[in-house]
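Data first, discussion second: the structure below is written as structure tokens.
The values are calculated or read from the model by the stated rules, or taken from the named source; none is laboratory data. Remember, it's a predicted structure, so these values are computed and weren't measured experimentally. FYI the Cβ positions are ideal-geometry reconstructions off the backbone, even for glycines, and counts take in every protein chain you see. When the accessible area is computed, the model is the full protein with side chains, heavy atoms only, and any ligands, DNA or RNA have been set aside. Shrake-Rupley method; radii C 1.70, N 1.55, O 1.52, S 1.80 Å.
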Amino acid sequence: EALDQIQPQMLQVRVDLTDLSSVPDGQSLVPAKVSLRGVADAGAVGEYRVSVAVGATARQLEGGQ
């Protein structure tokens, strides 16, 4: 029953990219926090990682080199 209530907009994935200097250029897997809102009897369990592409443009946006 709880699974039937879950809608895509209820899921939130957060990734901390405040220190891109610790992430190598190219494709990398970084830790992510997943949460589910609005369903009392269900939630996100476990460890998650998302794939990010990092390069010179991302570092410039961060204010780096």
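A few remarks follow.
- Every residue from segment 23-40 that is at pLDDT 85 or above and surrounded by 13 or more Cβ atoms within 10 Å (Cβ to Cβ): VAL30, ALA32, VAL34, LEU36
- Cβ pairs under 6 Å, 6+ apart, first in segment 8-25 and in contact (Cβ under 8 Å) with a residue 12 or more places away in the chain and under 22 Å from ARG37 (Cβ atoms), second part of a loop (DSSP other than H, G, I, E, B) and open to solvent by 100 Å² or more (accessible area, probe 1.4 Å): MET10/ARG37
- Scan of segment 10-22 for residues that are modelled with pLDDT of 80 or more and touching a Gly at 6+ places or on another chain (Cβ under 9 Å), ordered by number: MET10
- Cβ separations smaller than 7 Å between residues 6+ apart or across chains give the following pairs from segment 29-41 residues that are hydroxyl-bearing (Ser, Thr, Tyr) to residues that are modelled with pLDDT of 90 or more: SER35/GLN12.
- Taking the criterion of being open to solvent by 80 Å² or more (accessible area, probe 1.4 Å), at pLDDT 80 or above and either over 14 Å from the mean Cα position of the chain (by Cα) or not acidic (Asp, Glu) (or both), the residues of segment 41-65 that qualify are ASP41, VAL45, TYR48, ARG49.
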